[in-house]
Amino acid sequence: MSEKDPKSSQNLTVVVQALLQHMHDKFQTMSDQIIGRIDEMSTRIDDLEKNISDLMTQAGVEEIEEEIKVTETSGTA
């Protein structure tokens, strides 16, 4: 039985190494997917901010806000 112990230990080592490598690969894949999704969300948020800014400009909201600030400033002076 003592002759089988080193071989059994080697087999166990190989199995554990294979399992760890598989877990590492899976973790790396998931990590890459998460980073990709974060990058995609960042791009979408940037596009959304630009669209909102464009809509506000088209609606004249910026001009109205500036007029309100001028009115408030001149009213308190």
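The values are calculated or read from the model by the stated rules, or taken from the named source; none is laboratory data. It should be emphasised that the depicted structure is a prediction, and the values quoted were computed from it without experimental measurement. Side chains are part of the model used for accessible areas, which takes the heavy atoms of the whole protein and leaves out ligands, DNA and RNA. Shrake-Rupley method; radii C 1.70, N 1.55, O 1.52, S 1.80 Å.
Taking θ = phi - 60°, what integer Hz values does the Karplus form 6.51 cos²θ - 1.76 cosθ + 1.60 yield along the range 30-44, in sequence order, with x for Gly and Pro?
With coefficients 6.51, -1.76 and 1.60, one gets 5, 4, 4, 5, 5, 4, x, 5, 5, 4, 5, 5, 4, 5, 5 Hz.
Using a probe of 1.4 angstrom, how much of the accessible area of the range 1-70 is carbon and sulfur, in percent? Mind dumping the intermediate values first?
On the way: 4010 of 6670 Å².
Solvent-exposed carbon and sulfur of the range 1-70 make up 60 percent of the total.
With runs of 4+ DSSP H residues as the only contributors, calculate the mean residue ellipticity of the chain at 222 nm using -39,500 (n - 2.57) per run, divided by the residue total and rounded to the nearest 500.
On the way: 2 runs with 72 residues, N = 77.
Result for the chain: -34500 deg cm²/dmol, rounded to the nearest 500.
Just need log10 I(q)/I(0) for the chain at q = 0.14, 0.15, 0.19, 0.28 Å⁻¹, Debye formula, equal scatterers on the alpha-carbon atoms, no solvent, rounded to two decimals.
Rounded to two decimals, the profile gives -0.75, -0.78, -0.90, -1.11.
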